[in-house]
1. Would a scan of the stretch A:78-93 turn up a residue that is within 13 Å of chain B (Cβ to nearest Cβ), surrounded by 18 or more Cβ atoms within 10 Å (Cβ to Cβ) and either among the hydrophobic types (A, V, I, L, M, F, W, C) or touching a Ser or Thr at 6+ places or on another chain (Cβ under 7 Å) (or both)?
2. Residues being outside any helix (DSSP H, G or I) and facing chain B (nearest Cβ under 7 Å): count how many of those fall in the stretch A:269-306.
3. Quick check: anything in the stretch B:335-355 of a type in the set (A, V, I, L, M, F, W, C), out of contact with any Asp or Glu (no Cβ under 8 Å at 6 or more places or on another chain) and open to solvent by 60 Å² or more (accessible area, probe 1.4 Å)?
4. Output the residue which, of all residues in the stretch A:94-124 that are in contact with a His (Cβ under 7 Å, 6 or more places away or on another chain) and under 16 Å from B:Val7 (Cα atoms), is farthest from the other protein chains (Cβ to nearest Cβ).
5. In the stretch B:125-148, what count of residues is obtained for those that are within 14 Å of chain A (Cβ to nearest Cβ), aliphatic (A, V, I, L, M) and open to solvent by less than 20 Å² (accessible area, probe 1.4 Å)?
6. State all residues of the stretch B:1-36 that are assigned to a loop (DSSP other than H, G, I, E, B) and either open to solvent by 90 Å² or more (accessible area, probe 1.4 Å) or more than 9 Å from chain A (Cβ to nearest Cβ) (or both); if no residue qualifies, say none.
7. Please give the number of the condition A:Ala63 fails out of (1) part of a helix (DSSP H, G or I); (2) at the interface with chain B (Cβ under 7 Å from one of its Cβ atoms); (3) open to solvent by less than 20 Å² (accessible area, probe 1.4 Å); (4) touching a helix residue (DSSP H, G or I) at 6+ places or on another chain (Cβ under 6 Å).
8. Please enumerate the residues belonging to the stretch B:111-124 that are open to solvent by 20 Å² or more (accessible area, probe 1.4 Å) and either in contact with a Lys or Arg (Cβ under 7 Å, 6 or more places away or on another chain) or hydroxyl-bearing (Ser, Thr, Tyr) (or both).
2 protein chains.
Amino acid sequence: MKFSSKVKKCGLSPMRKFHPYAVAAEAKGRKIYHLNIGQPDVETPPQFFEAVRNFSQSVLEYAPSPGVPELIDAVQKYYDNLNMHFEKDEILITTGGSEALSIVFQCILDDGDEVLIPEPFYPNYATMVNTTGASIHPIPTSPEEGYRYADRAKIEAQINEHTRAIVCTNPGNPTGVVLTPEEQRLMCDIAKEHNLFIIGDEAYREFVYAGEPLQSFGEYADAAENVIVIDTVSKRFSACGARVGAILSRNHELLSEAMKYCQARLSVATLDQIASAALYNVGPEYFAAVREEYKRRRDTVVAKLAEIPGVVCECPKGAFYLMAALPVDDADKFQQWLLEEFEDNGDTVMFAPGEPFYGTPGKGKNEIRIAYVLKQADLERAMDLLALGIKAYNEKK
Amino acid sequence: MKFSSKVKKCGLSPMRKFHPYAVAAEAKGRKIYHLNIGQPDVETPPQFFEAVRNFSQSVLEYAPSPGVPELIDAVQKYYDNLNMHFEKDEILITTGGSEALSIVFQCILDDGDEVLIPEPFYPNYATMVNTTGASIHPIPTSPEEGYRYADRAKIEAQINEHTRAIVCTNPGNPTGVVLTPEEQRLMCDIAKEHNLFIIGDEAYREFVYAGEPLQSFGEYADAAENVIVIDTVSKRFSACGARVGAILSRNHELLSEAMKYCQARLSVATLDQIASAALYNVGPEYFAAVREEYKRRRDTVVAKLAEIPGVVCECPKGAFYLMAALPVDDADKFQQWLLEEFEDNGDTVMFAPGEPFYGTPGKGKNEIRIAYVLKQADLERAMDLLALGIKAYNEKK
């Protein structure tokens, strides 16, 4: 049987590639410290589960296609509190940020179109974009420059007649890069001047560590036609399993095209939407505590990396990831070796090798992504294992 | 800003087209009997809500991309009880039957490909198929033949070098047609001989009213490479708002292509999956009671239609819909008139006009789809209103 040429261009998740090796290592009795996955360990606010328990309708009906009104209200208020106003019909609730991205790409991309995305980038973008017949055109960055990309000359050099949109994951996954307000302004200006959509994937908005006010591309009301904000409760409230996200835009043509897909898939899960609305009742102390915890973890990881000779890594400003270049020949081989041959008191460590985060072939070979989602003591041990592993790996040759 | 040529080929839901007229009629004090929507009024089994209330994990984590193990187990056992065995890795849990369909179409369709679907068909198929760059090639049927389509000559006449798959909605939405075992066998044979996928959209499997055993294309293990079953808890358990469905297939290449999309969207809502697993604990008395209730409703609708002069309608064998040809010039105009000008003691009625269920332009103009999802007394009143409306509409001219 023949399969679509588009699905053939897509791959399985690189984050799961080492899963069989991890299973084998565990079967040998190894304890693995996981720095490879972005599943936060923070508790989901109890408001979610209370709302779920209080649901009293006897028929679990379809929700309205654009979302349940109480959740749309909650999202609207959340943005109003950030000094950005969206009308209710400028908010479409989606099945996670993932569906928000898929719907947006399906609305705006045709065969042969290109989307500019700074590399390294979230690998699932590739599946979402390739499926439309378009492709990702990477904006190159480097570990030496701290993976920063918001430079007019650098970006305009990549724009061509096929370019339709720029995706800014801000704060960045996998890099932790956070745009300054000037850089955000610049990105909007470039989008406006070149008639491009600018898609702000802002899943990690709350996770900024320098006391910055929370940012969004939604602030730039002058770029109303260009800006599309992708939102989600997943990381904001440590509610990844709720699968509740949103598309926000002031471009009404986009919204009415997106509505076609919202209606075709009927609705987003009813209970999860109602419970997600309740999440927006958490107070600022919730975010402050979570931010403080991740900041401590980030500082641990960065301090530990600074002690390893030959590692290139700038202190990331946001999200709960960082990319680092290691003094190894090949991060893939190194990961495999860590799982198959290395151990220290029975322990080893996993990260996500960097190459699949790049669109340019060959880049990222000695880089890794670290997700700092472990508790303090585990994180310290994991980083020590990484340091020991690098030393042993390079000495064995 | 430019939008995708594919989204431009898609439309908004035809079921929602008359929503503004309904709002205006209600504002005038009219009571509307809704035969236009497929939202069952049957209570969701309490097992769903019990499972939700008993969820005790403190972090609502991502579920595994192929689905939570307890739900995959439950689905496997359900099929084993129907004498069809699927391995656990032959079951992928999806966000409703809608996502199952979208993923399958994305896996198998390229620009210019065609999918054979008997018309009238579920209109959302068009959005899902058009988005891949392929198109629906309708298999024509007629109200006079009871919308039956499983005829070798009729189907083979529509197969060409672009044909990639046949979709059988069985039992049928909007027609209520149920394939006989011989017809199912024939459809599988045609798919095998012409090297086509056969997609069984079996959302209404439990809703058959002649005492037939429950059917599935999954029975035809000899067509393992061809058969893809689309499943969902929505109608089976009156849990439309859970958004939990599944792809089942023994074609392992299809499954591994589909897994790319499952991983790219990360997971299906965790709580809804766990609660849906609990739904599979309902006993056969649940299905028997629901089936009996819908059968009574179907009989009411069919009997009432038989009393209206000029209506063409065969008694449907399954689902909770039927299509009928009315003695009116245009079902769209008739619906608008019913909402704007007609009333009987302040009441009026809504159905879904038939044209959007057709792929062939101009077909279905005097047809309607009736969803018999109202309680007995309401259903009788709704059908009386339809009869009165037809008479008054035709007399006014």
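The values are calculated or read from the model by the stated rules, or taken from the named source; none is laboratory data. Treat the numbers as computed from the prediction; the structure is a model and nothing was measured. Heads up, the Cβs are rebuilt from the backbone with ideal geometry, glycines too, and the neighbour counts pull from every protein chain shown. For the accessible areas, the whole protein counts, side chains as well, though only heavy atoms, and no ligand, DNA or RNA atoms are used. Shrake-Rupley method; radii C 1.70, N 1.55, O 1.52, S 1.80 Å.
1. Looking for residues that are within 13 Å of chain B (Cβ to nearest Cβ), surrounded by 18 or more Cβ atoms within 10 Å (Cβ to Cβ) and either among the hydrophobic types (A, V, I, L, M, F, W, C) or touching a Ser or Thr at 6+ places or on another chain (Cβ under 7 Å) (or both), one finds at least one in the stretch A:78-93, hence yes.
2. Going through the stretch A:269-306 one residue at a time, the tally reaches 1.
3. Checked against the condition, which is being of a type in the set (A, V, I, L, M, F, W, C), out of contact with any Asp or Glu (no Cβ under 8 Å at 6 or more places or on another chain) and open to solvent by 60 Å² or more (accessible area, probe 1.4 Å), the stretch B:335-355 yields no hits at all.
4. A:Gly112
5. 3
6. B:Lys2, B:Lys9, B:Leu12, B:Lys17, B:Phe18, B:Lys28, B:Gly29, B:Arg30, B:Leu35, B:Asn36
7. Failed condition: (1).
8. Scanning the stretch B:111-124 gives B:Glu114, B:Tyr122.
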